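Notes to accompany the following structure.
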Amino acid sequence: MSGPLRSLLGESEDGAVALFVDGPNVLREEFDVDLDDVRDASEELGRLAVARLYLDEHATPGLIQAAEARGFEVVVTSGDVDVKLAVDATEVALDGRVGALAIASRDTDFKPVLEKAARNGVHTVAIAPGEHGRSDALRNAAHDAVVLEE
């Protein structure tokens, strides 16, 4: 697949992309984000090798089922999703499986993850759930940024 972000990425070893979605910060009523839009934005980078949606214990079965139907691996945590997502994203970014890491969030807690991945040769993208949900810190830490239309 080609696209504007794909041309920015260049050629990675295998063109694989890892997408990590911070569910509690992205799937909020005020943003009206569609998981398909998040997935499409990351697929412009290349072949999606990892697509994970992180949710807390309050996630509804319907949301989990809808995410799985769209090809996401759903990770439900018993508390704040930030630590689990950050550890998992860092691990995937550093294990050599992907050439690009996309994080969909508005939470600045993921800035160190993007910076670490970039220092290790992984192309990074911050996906914001709308203009008013955009984090300047994430945008500035990533190679590229995408703002989903509201």
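The values are calculated or read from the model by the stated rules, or taken from the named source; none is laboratory data. No experiment lies behind these values; they were computed from the predicted model shown. Here the Cβ positions follow ideal geometry from the backbone for every residue, glycine too, while neighbour counts run over all protein chains shown.
When the residues of region 121-139 are filtered to those that are of a type in the set (A, V, I, L, M) and farther than 18 Å from Ala16 by Cα, which remaining residue is surrounded by the most Cβ atoms within 10 Å (Cβ to Cβ)?
Ranking the qualifying residues of region 121-139, first place goes to Leu138.
Exactly one condition in (1) touching an Asp or Glu at 6+ places or on another chain (Cβ under 6 Å); (2) surrounded by fewer than 17 Cβ atoms within 10 Å (Cβ to Cβ); (3) of a type in the set (Gly, Ala, Ser) is false for Ala118; which is it?
Every condition holds for Ala118 apart from (1).
Name the one entry in Arg52, Arg47 that is in contact with a Leu (Cβ under 8 Å, 6 or more places away or on another chain) and touching a residue at least 12 places away in the same chain (Cβ under 8 Å).
Answer to the selection: Arg52.
Take the residues of region 70-83 that are surrounded by fewer than 17 Cβ atoms within 10 Å (Cβ to Cβ) and not hydroxyl-bearing (Ser, Thr, Tyr): which is nearest to Lys111 (Cα to Cα)?
Looking at the filtered set, the residue picked out is Val83.
Do we find that Ala145 is assigned to a helix (DSSP H, G or I), of a type in the set (Gly, Ala, Ser), surrounded by fewer than 19 Cβ atoms within 10 Å (Cβ to Cβ) and without any contact (Cβ under 8 Å) to a residue 60 or more places away in the chain in this structure? I'd like the intermediate steps shown before the answer.
Details: assigned to a helix (DSSP H, G or I): no; of a type in the set (Gly, Ala, Ser): yes; surrounded by fewer than 19 Cβ atoms within 10 Å (Cβ to Cβ): yes; without any contact (Cβ under 8 Å) to a residue 60 or more places away in the chain: yes.
So Ala145 does not fit the description; no.
Conditions (1) charged (D, E, K, R); (2) modelled with pLDDT of 85 or more, marked per residue:
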| site | (1), (2) |
| --- | --- |
| Glu11 | yes, no |
| Asp14 | yes, no |
| Leu19 | no, yes |
| Asn25 | no, yes |
| Glu30 | yes, no |
| Asp34 | yes, yes |
| Ala41 | no, yes |
| Arg52 | yes, yes |
| Leu55 | no, yes |
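Hey, Lys84 hits all of (1) under 21 Å from Pro129 (Cα atoms); (2) without any contact (Cβ under 8 Å) to a residue 24 or more places away in the chain but one; which does it fall short on?
(2) is the only condition that Lys84 fails.
Do any residues in region 94-108 that are touching a residue at least 60 places away in the same chain (Cβ under 8 Å) and buried (at least 24 other Cβ atoms within 10 Å of the Cβ) have Cβ atoms under 7 Å from those of residues that are aromatic (Phe, Trp, Tyr) and in a strand (DSSP E or B), where the two are at least six apart or on different chains, and which pairs are they?
Close Cβ pairs (under 7 Å, with a partner that is aromatic (Phe, Trp, Tyr) and in a strand (DSSP E or B)) amount to Ile103/Phe20.
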